[in-house]
1. Just check the range 192-336 against the gyration tensor rule for me: Cα atoms, a ≥ b ≥ c as the square roots of the eigenvalues, rounded for a/c under 1.5, and otherwise prolate or oblate depending on whether a/b exceeds b/c.
2. Sort the following peptides by mean Cβ neighbour count (other Cβ atoms within 10 Å, averaged over residues), highest first: 9-20, 53-64.
3. Which of the aspartates and glutamates could a cross-linker bridge to LYS251, judged by Cα under 13 Å and excluding same-chain residues fewer than eight apart?
4. Quick one: length gained pulling ALA163 to VAL322 fully straight, 0.36 nm per residue minus the C-alpha distance?
5. Based on the mean of other Cβ atoms within 10 Å per residue, sort peptides 300-307, 241-248, 356-363 so the most packed one is first.
6. Sort out for me the Cα centre separation of the range 152-230 from the range 84-102, rounded to whole Å.
7. Over all distinct alpha-carbon pairs, what is the Kirkwood Rh of the chain in angstrom?
8. Round to the nearest 0.05 the FRET efficiency obtained for ALA364 and LEU71 when R0 = 45 Å and r is the Cβ-Cβ distance.
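Only the coordinates and a few stated rules stand behind these numbers; no lab work does. Just so we're clear, the structure is a prediction, and the values are computed from it rather than from any experiment. Here the Cβ positions follow ideal geometry from the backbone for every residue, glycine too, while neighbour counts run over all protein chains shown.
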Amino acid sequence: MRKTLIVTNDFPPRPGGIQAFLHSMAVRLDPQQVVVYTSSWRGDPEQGGTTVEFDADQPFPVIRDRANLLLPTPAVRRRATALLRAHGCTGVWFGAVAPLGAIAPALRAAGAERIVATTHGHEAAWAQLPGARRLLRRVGESTDVITYLGEYTRSRIARALTAEAAARMVQLTPGVDEKTFHPDSGGSSLRAAMGLTDRPVVVCVSRLVPRKGQDTLIRAMPRVLAAEPEAVLLVVGGGPYREDLERLAAKVGVTASVRFTGPVPWEDLPAHFGAGDVFAMPCRTRAGGLDVEGLGIVYLEASATGLPVLAGDSGGAPDAVVEGETGWVVRGGEETAPQETADRLITLLRDPELRRRMGERGRAWIEERWRWDSLVEQLRELLD
C-alpha cells in the first residue's frame, strides 16, 4: 500500500464511534505506511485520559495540531502539505469528508496521487444545506473517492455531487472486532456484580442525546413492567441528556427499574453489552432530517455479542439489522414508538428461544459481513 497521510479531527483518545472506526482501520494497516495528522484533545471530564500516552502506544506517528479543531485554514493546509512531503506520502485519507476535504487540492499539488474522503452519515443531512452542498461538491471534484455507509447515505450525499463524482462513490462501512465483542465477553459477571442475575435486562449502549431514543425506552418501560415486573433498563454511556432522562424516569414512575452507568471505558463495553438479554436503541431522525443516524455500530456490536437488537428507523440504522432475523426495526419518530418498542421488547423477553435464535443469527452475520479484516482490505484497495 502507498504511504498515506490520515488527516482527521476524529481520532482517539477523543471518544466516539467515528474515532473508533478510524483507529480500528489505521491500526490494521501497515504501520510503516501510515502517518496521522489530527487535532489536540485535552480530555473530557467524563472520560479522562490524555493524548500523550495514547500517541506513544501507536505503531505509527501521530502528529497533533495545537488546535482542538482542525479547519481548512491556510495554517492547517501548510502543515498538512509539509507533513505529506516530509514523510514521503503519496496517499491521503480524510477521516471525514468535511470540512478538511477542502484542502485536497493543496495536497494534490504537493504530491498526493490518491485521495480518499470518508462520510459517516451526518453528511446526508449537510447535503440539504446550500453552503454544505457546495463544500461537498468541491470535495467530490478534488478527491478520487468519497465513501458512504449504505444506500440511505449514498443517495442523499450523491445529490450534492457532480454525476462524475457520484459515480466514483464506494461503500466503506465500520466493522466489528468479533474477538472483542462475543457472547462470552464477561456479561454474566458484570450482571451479577450489579445484582441483575435473575432479572430480565434491556441494555442500551450509546451517548445520551435525544436522537438515540433512550427516552422512548423509558416511556416504554411501564408497559414492559406490566408484563415483566422484574425487567430492568440498563442505560450505558454519558452525555448531556442524562438529567432529562432521569427526570423522565421519575415522571413515568420507573426510576427503580432504570440503571444509569455513566461513561464506561472502551475495554469494558463488551461486558456491558453482554449484561443484557436484549439490545435496544430506537433512534429517530430529528431537526427536519438534519440530525440522523448514519448506521449505528452499536447494533452490530450487540449482534456480535449474541443479543437480538431493536433499532430505530433513522437514516441508515436499518442497514445494521436483518429484519426479523437479527432483530427488528421500530418507527422511532412516531408517537406510537414507545408502545411499538414495548411490544417488541416484551416478545423478546418472554421468549428465550427467539432471543437465542436471533442472537446466533446476528453473530453469524457479523462474521460473514462485518469483520474488520475484510473491510480494511477494501480501504487498502481504495488507497492504492
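1. Working: a/c = 1.37, a/b = 1.16, b/c = 1.18.
Cα axes put the range 192-336 in the rounded bin.
2. Values: 9-20: 19.8, 53-64: 13.8.
Result, highest mean first: 9-20, 53-64.
3. The qualifying aspartates and glutamates are ASP215, GLU243.
4. Details: separation 159, 0.36 × 159 = 57.24 nm, distance 3.11 nm.
Answer, rounded to one decimal: 54.1 nm.
5. Details: 300-307: 29.0, 241-248: 15.1, 356-363: 19.4.
Result, highest mean first: 300-307, 356-363, 241-248.
6. Centre-to-centre distance over Cα atoms comes out at 31 Å.
7. Numbers: mean 1/r = 0.0464 Å⁻¹.
Evaluated over the chain, this radius sits at 21.6 Å.
8. Details: r = 43 Å, r/R0 = 0.97.
Efficiency computed from Cβ-Cβ geometry: 0.55.
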